[in-house]
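The values are calculated or read from the model by the stated rules, or taken from the named source; none is laboratory data. As the structure is a prediction and not an experimental result, all values here were calculated from the model. As a convention, Cβ positions derive from the backbone with ideal geometry for all residues, glycine included, and neighbour counts pool all protein chains shown.
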Amino acid sequence: MSFTDSKGVTREHVFGDGRLSIMAGPCSIESKEHLIETATGVKNAGATILRGGVYKMRTSPDAFQGLGSNALSFV
């Protein structure tokens, strides 16, 4: 089986059925409000899948690295 032959399914979307899939969202979820605002913009722009990072690796340990497991309840 090649990559182009594989299929995946989400609640409302099938990957690999020949339709274009667009995924968008923040690299790092900063708050529940941030995720909701971003989700609205992503949907209005035509994307079919929302993604959001809960952990964000940074070069500086003092920089914001995401909400971690606290953000999992938002997704």
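Looking only at residues in the stretch 24-40 that are of a type in the set (A, V, I, L, M) and assigned to a helix (DSSP H, G or I), which one is farthest from the chain's Cα centre (by Cα)? Filtering first and then ranking leaves Ile36.
Per this entry, Leu67 is counted among residues that are touching a Ser or Thr at 6+ places or on another chain (Cβ under 8 Å) and at pLDDT 75 or above. Which residues, counting only those in the stretch 41-75, are of a type in the set (D, E, K, R) and either free of Cβ contacts under 8 Å to residues at least 12 places away in the same chain or closer than 24 Å to Phe15 by Cα (or both)? Within the stretch 41-75, Lys43, Arg51, Arg58, Asp62 qualify.
Every test in (1) in a helix (DSSP H, G or I); (2) touching a strand residue (DSSP E or B) at 6+ places or on another chain (Cβ under 7 Å); (3) hydroxyl-bearing (Ser, Thr, Tyr) is passed by Ser21 save one, and that test is (1).
Scanning the stretch 41-50 for residues being among the aliphatic types (A, V, I, L, M) and either farther than 9 Å from Met23 by Cα or loosely packed, with under 13 Cβ neighbours inside 10 Å (or both) gives a total of 1. Out of all the residues in the stretch 29-40, is one or more buried (at least 16 other Cβ atoms within 10 Å of the Cβ), out of contact with any Ser or Thr (no Cβ under 6 Å at 6 or more places or on another chain), touching a residue at least 24 places away in the same chain (Cβ under 8 Å) and of a type in the set (A, V, I, L, M, F, W, C)? Yes: one or more hits.
Somewhere in the stretch 41-52, is a residue assigned to a loop (DSSP other than H, G, I, E, B), in contact with a Phe, Trp or Tyr (Cβ under 8 Å, 6 or more places away or on another chain) and over 19 Å from Val75 (Cα atoms)? Within the stretch 41-52 (the criterion being assigned to a loop (DSSP other than H, G, I, E, B), in contact with a Phe, Trp or Tyr (Cβ under 8 Å, 6 or more places away or on another chain) and over 19 Å from Val75 (Cα atoms)), the answer is no, since none of the residues qualifies.
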